[in-house]
Amino acid sequence: MPGLDAPETGRRIPLPRVEQELRLVLRRATAASAELARRVHPDLEASAYPLLMVIRDEPGVHATELAQRFGIGRATISRQLSRLEDLEIITRTVDPADSRGQLISLTAVGTQRISDAQANRLQWLDDVLTEWPDDDVDQFADLLARYSASVEAWRARQA
């Protein structure tokens, strides 16, 4: 596929190929997130898995911060959190520093289910990348991190 001239630099870069591969990766990631969410609980949607990973990594995160991070409204995050609470995967407590805020954490059941789902995902990644040399896997992780940082920097410039 031919490259495009980058407007700022004039260099030839294979943007159509990058876009195509990203599309495939995103489609597969969405399907994988749906499967992981079902492993946590059969009634969960794909959007629940990344939300639960943030809650796991940042216990006591505020509901409003989750809404901002995922670019969704407060009503939507409230519905999602209510569903997770009904399934006994998360708990919501009143923020002692601000009684209007809620602190979100995983329950013991939620923690175990997320741990099991992540172990399954890591095993899957190991299976998929089994023929890659360790250096390639490490470079792939570095490039993904660099891409993520570039996206975040771009988002910050747009704000």
Cβ-derived FRET efficiency at R0 35 Å, Glu88 paired with Asp136, nearest 0.05: 0.30
Toy charge model, Lys and Arg Cβ at +1, Asp and Glu Cβ at -1: the chain dipole around Cα centroid in debye, rounded to 20, equals 720 debye
Could you tell me how far the Cα centroid of the stretch 84-159 sits from the Cα centroid of the stretch 56-75, in Å? 13 Å
Once you have the Cα-Cα distance between Glu21 and Ala75, take 0.36 nm times their residue separation minus that, and quote the gain in nm to one decimal. 16.1 nm
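Only the coordinates and a few stated rules stand behind these numbers; no lab work does. Predicted, not measured: the structure shown is a model, and the values here were computed from it. Here the Cβ is made from the backbone with ideal geometry for all residues, glycine too, and neighbour counts use every protein chain on show.
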